[in-house]
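Scroll down for the structure; my scribbles are underneath it.
The values are calculated or read from the model by the stated rules, or taken from the named source; none is laboratory data. None of the values given here were measured: they were computed from a predicted structure. Ideal geometry is used to build each Cβ from the backbone, glycine not excepted, and the neighbour counts take in all protein chains shown.
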Amino acid sequence: MALSLSKRKRPRLEDKQVAQKSKTEEEVFDRPTFLSLSKMIEKGIFDTLDYPICTGKEANVFRARSKDGFVAVKIYRTTAPVLKRMHKYMEGDTRFKGIMHNKFEVMKAWARKEYRNLELMRAAGCRVPFPIYCDRNILVMEFLGHEGVPYSTLKDTGSLNPQEDSNLILKDIAKLHAAGIVHADISEFNILMDDRGPYLIDVGQAVLLTHPQAEDFLLHDVENLVKYFSHHGVDADIGECLKKIRKV
Ligand SMILES: Nc1ncnc2c1ncn2[C@@H]1O[C@H](COP(=O)(O)OP(=O)(O)OP(=O)(O)O)[C@@H](O)[C@H]1O
Ligand SMILES: [Mg+2]
């Protein structure tokens, strides 16, 4: 005879999963976030929140279903260690003046900034997800994936044609620079790959060229790119890449 649930000893893994699930819920689904998601459903932005695609340093990203297909929902968490990392991007940005110590206000401004950065980057002709909606600490954007399965990061999937992909990313960085923007966190973790090449994602930290550290961020982006592709047979000079970027 099967044991009743109360008498059955739950395996350790199950305990761990339950703990992880409630940790995620605790971290993102506070009451105001829940209400904001409900309002989005009422507005028809999406119909159901399916599952978490990723729990990152700053946010949890979910796949959601709308009547037109899938969308990605990024919910920023209001936890302290995350805010520390954000400070270097916020200093010198007037949009964060006076709110730097209010976790919720920072996350709200950050999500809005990511939405706006996506708009600017699309307008610059760069391959980034299309921004759909933003409310409080929640950003809804185009779902990058095939038949409901999200594309993998460059880190996970690698590149079939490193020279071409490296050039495409460099071209996107140049287009952004010409439009007065620096991504400021380019790495193999923030690039998703489809058959036609790379997409830049995670653009909340992107800064305008007027930011006091914009040039340092640009150099760091190019260094990261050159370093990653140098391990995959692409020989590029950082100085030459910067020259090309500035020419556009
Ligand atoms: N528009 C999207 N479509 C599909 N998947 C996405 C989309 N945006 C993000 N993702 C997935 O969610 C992951 C985390 O996204 P993102 O880098 O924007 O958040 P993050 O909190 O900064 O995460 P991390 O700390 O890992 O950088 C991505 O690696 C990717 O797998
Ligand atoms: Mg990221």
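How many residues, within segment 62-78, are part of a strand (DSSP E or B) and among the polar types (S, T, N, Q)? I'd like the intermediate steps shown before the answer.
From segment 62-78, those part of a strand (DSSP E or B) are 62-66, 69-76; that's our starting set.
Filter again for among the polar types (S, T, N, Q), leaving 66.
Total satisfying the criteria: 1.
When residue 204 is tested against (1) small (Gly, Ala, Ser); (2) at positive phi; (3) buried (at least 22 other Cβ atoms within 10 Å of the Cβ), only condition (2) is not met. Of all the residues in segment 106-137, those that are more than 12 Å from the chain's Cα centre (by Cα), among the β-branched types (Val, Ile, Thr) and either part of a strand (DSSP E or B) or within 12 Å of ligand 1 (Cβ to nearest atom) (or both) number 1.
The residues in segment 94-136 that are surrounded by 17 or more Cβ atoms within 10 Å (Cβ to Cβ) and touching a residue at least 40 places away in the same chain (Cβ under 8 Å) can be counted, and the count is 16.
Screening residue 85 against (1) within 12 Å of residue 205 (Cα to Cα); (2) surrounded by 15 or more Cβ atoms within 10 Å (Cβ to Cβ); (3) within 15 Å of ligand 1 (Cβ to nearest atom) leaves a single unmet condition, (2). The residues of segment 207-220 that are surrounded by 15 or more Cβ atoms within 10 Å (Cβ to Cβ) and of a type in the set (Val, Ile, Thr) amount to a single one, 207.
Inside segment 197-215, residues that are within 25 Å of residue 235 (Cβ to Cβ), away from ligand 2 (no atom under 16 Å from the Cβ) and touching a helix residue (DSSP H, G or I) at 6+ places or on another chain (Cβ under 9 Å) make up a count of 1.
In segment 190-248, what count of residues is obtained for those that are β-branched (Val, Ile, Thr) and either away from ligand 1 (no atom under 16 Å from the Cβ) or in a helix (DSSP H, G or I) (or both)?
Just the residues of segment 190-248 that are β-branched (Val, Ile, Thr), to begin with: 191, 201, 203, 207, 210, 222, 226, 234, 238, 245, 248.
With either away from ligand 1 (no atom under 16 Å from the Cβ) or in a helix (DSSP H, G or I) (or both) added as a condition, the list becomes 210, 222, 226, 234, 238, 245, 248.
Of the residues in that region, 7 qualify.
Among the residues of segment 60-76, those identified as within 11 Å of ligand 1 (Cβ to nearest atom) and touching a residue at least 60 places away in the same chain (Cβ under 8 Å) are 63, 64, 70, 71, 72, 73, 74, 75, 76.
Pairing residues of segment 44-59 that are in the same structural domain as residue 78 (by TED's automatic domain parsing) with residues that are assigned to a loop (DSSP other than H, G, I, E, B) and among the polar types (S, T, N, Q), at Cβ distances under 8 Å and at least 6 apart in sequence or on separate chains, gives no pairs at all.
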